[in-house]
1. For residue 89 and residue 5 in one chain, what is 0.36 nm times their gap in residues minus the Cα-Cα distance, to one decimal in nm?
2. Please report, in cubic angstrom per residue, the volume enclosed by the convex hull of the alpha-carbon atoms of region 30-160.
3. At what distance in nm do the modelled label points of residue 182 and residue 255 sit from each other, each positioned 7 Å from its Cα along Cα→Cβ?
4. Compute the acute angle (0 to 90°) between the alpha-carbon long axis of helix 252-274 and the principal axis of greatest extent of the alpha-carbon atoms of the chain; round to the nearest 10°.
5. Give me the net charge for the shell around residue 285: Cβ to Cβ below 14 angstrom, other residues only, Lys and Arg +1, Asp and Glu -1.
6. Report, ordered by chain and residue number, the lysines lying within cross-link reach of residue 36, taken as a straight Cα distance under 29 Å and ignoring same-chain residues fewer than 8 apart.
7. Enumerate the lysines that residue 270 could reach by cross-link, defined here as Cα to Cα under 28 Å, with residues fewer than 8 away along the same chain left out.
8. What number, rounded to the nearest 500 deg cm²/dmol, is the helix-based mean residue ellipticity at 222 nm of the chain, given -39500 (n - 2.57) per DSSP H run of at least four residues and division by all its residues?
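The values are calculated or read from the model by the stated rules, or taken from the named source; none is laboratory data. Because the structure is a prediction, the values reported are computed rather than measured. Glycine gets a Cβ as well: all are built from the backbone with ideal geometry, and neighbour counts include every protein chain shown. Protein only, heavy atoms only, side chains kept; ligands, DNA and RNA dropped before computing areas. Shrake-Rupley method; radii C 1.70, N 1.55, O 1.52, S 1.80 Å.
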Amino acid sequence: MHVRALSLRDFRSWEQTELELSTGRTVFLGSNGNGKTNLVEALGYLATLGSHRVSTDAPLIRLGAQRSRIGATVVNSGRELRIDLELNQGSANRAQINRSPVRRPREILGILQTVLFAPEDLALVRGDPSERRRFLDELCTARLPRLAGVRSDYDRVLRQRSALLKTAGRQARSRSGTPADLSTLDVWDGHLAAHGGELLAQRLRLVHELHPHLEQAYRSIAPESRTAAIRYRSASLPPEFLDADRAPQPDDAPVLESIMLRELTAARGKELERGVCLVGPHRDDLELLLGSAPAKGFASHGESWSFALALRLAAFELLRGAGTDPVLLLDDVFAELDRRRRAALAAVAATAEQVLITAAVPEDVPPELEATPLRVETTGEADERISHIVDQSGAALAPLSEDP
């Protein structure tokens, strides 16, 4: 899989650009703040409908514009598809496939697959559980695009059920208030368990299949370190489901749905008291282990970087195992890595169908990658700065080392 063309309009610092891309390795070179990261962010957004840098769409729309547009022509096994996404201020986003509108933006998911490694990935090891849940869910959706609908339905039911719990809890604590009507809570429990059971089944399957890739990737990066492992963590699931070596079963989703229903019933009193939903995949975590110790809080800075890199390399190998290389996006990461980690990442990049790299100077990119350079600069002042591609000569990267 590769991206043949990328177009942006009013996306962050890019007012408008039409960029032709090729297979192999391409590096966007430019000083910090010139807009090179925005290019890989745009492709990552097309693949996941989310940014690796911000949690909302507003910062993605160029200052003063009402909407932003991202488009890409994706080639996969000889088949070419065009996807376009419009991000709107104050209204729903819209998407097209081959210039034809689709009902929901999530219908473009799966057309472009990417694996993006960035400095922000250190949060996978040191950050909150939400970072690791997002990693799992985006990778699950890359493998099974229809799961985006399951995630959306789960989030919608969770919001509605949480609102009912808060209202019922306030009424229960008020002596003069009308007794809470909980007749609909059982209905919401059923919906939450149905969507949650399917999401849990896919997460557990992913952890089982990702685990050997993660173990191997970490060993290649840090052979002298302790063995790396991952394990799904959930307070509401029986221990036998949490073993990464447990093989997924065809009936996992309905079994997990039944378990969730049972746990929701058991937790109802506490949920009404606290006014929050205490059961479900939104409360779970991906536990990262080095030897027998959790990586979070025990791993050194180098070990944390190694674990974050190993997670992304494992994701790349897992997606590649389905028969198609995802596009590998490397955002300013080589400068953060030592020699061994650089070599491990470069070894994978050298075999990928398409790799898009951002770097401040050519020296940050391993010369063995022989990446084609595209120089990025900005014009204007302060918030009005606009990014441009200023050199697209196609010359090899190495000769540019004297002129970063």
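1. Working: separation 84, 0.36 × 84 = 30.24 nm, distance 2.55 nm.
Fully extending the segment from residue 89 to residue 5 adds 27.7 nm.
2. Working: hull volume 18.5 nm³, N = 131.
Given the Cα convex hull of region 30-160, per-residue volume reads 142 Å³.
3. Taking the simple label geometry, residue 182 and residue 255 are separated by 3.0 nm.
4. 70
5. Details: positive: 126, 132, 133, 134, 203, 231, 233, 283, 296; negative: 128, 131, 137, 284, 287.
Within the 14 Å Cβ shell, the charges total +4.
6. Here the lysines satisfying the reach criterion relative to residue 36 do not exist.
7. Cross-link targets: 166.
8. Details: 9 runs with 154 residues, N = 404.
Value at 222 nm, helices only, nearest 500: -13000 deg cm²/dmol.
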